[in-house]
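The values are calculated or read from the model by the stated rules, or taken from the named source; none is laboratory data. None of the values given here were measured: they were computed from a predicted structure. Positions of Cβ are backbone-derived with ideal geometry, glycine not excepted, and every protein chain shown enters the neighbour counts.
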Amino acid sequence: MGPVNDTTRGGGDSRDGVCDADRSGGAWAVFVLGSLSLGTVMGFWWWSHPLPSTDEDSIPPYRIDINHATRSTLDLLPGVGPSIANHIMARREQERFTEAADLVDVERIGAIRAIQIAPHVVFR
């Protein structure tokens, strides 16, 4: 008998019939399955949290005249509480609102909140 070669016990030599690429297949499979699972979860989350519609049908049945509304009426607007209602009232004392873009000039109302409020208000 000749000397025992360590590569015959799975040391990575191609003579044992299994190359190193075949041994890493399990890790690759775990990576692929994990990625697919994460993608499925994220897909379900995205599907259950759709972006708000901008269709004319999505306009609420009520509209508030932002130039004449009371503080408690302004509180009914989405994303508006007592503090922002005070800012709206202070802004309209300086200058009347004429369009939805004017909402961005109000302190603590950014573009996103202005977009949320716009379908709920009228400018008279």
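When the stretch 73-124 is filtered for residues that are surrounded by 15 or more Cβ atoms within 10 Å (Cβ to Cβ) and aromatic (F, W, Y), only F97 remains. Residues in the stretch 98-124 that are of a type outside the set (A, V, I, L, M) and in a loop (DSSP other than H, G, I, E, B): T98, E99, E107, R108, G110, F123, R124. Note on the stretch 25-97: enclosed helices (runs of 4 or more DSSP H) holding 3 or more residues that are at pLDDT 60 or above and within 20 Å of Q116 (Cβ to Cβ) are 71-74, 82-94.
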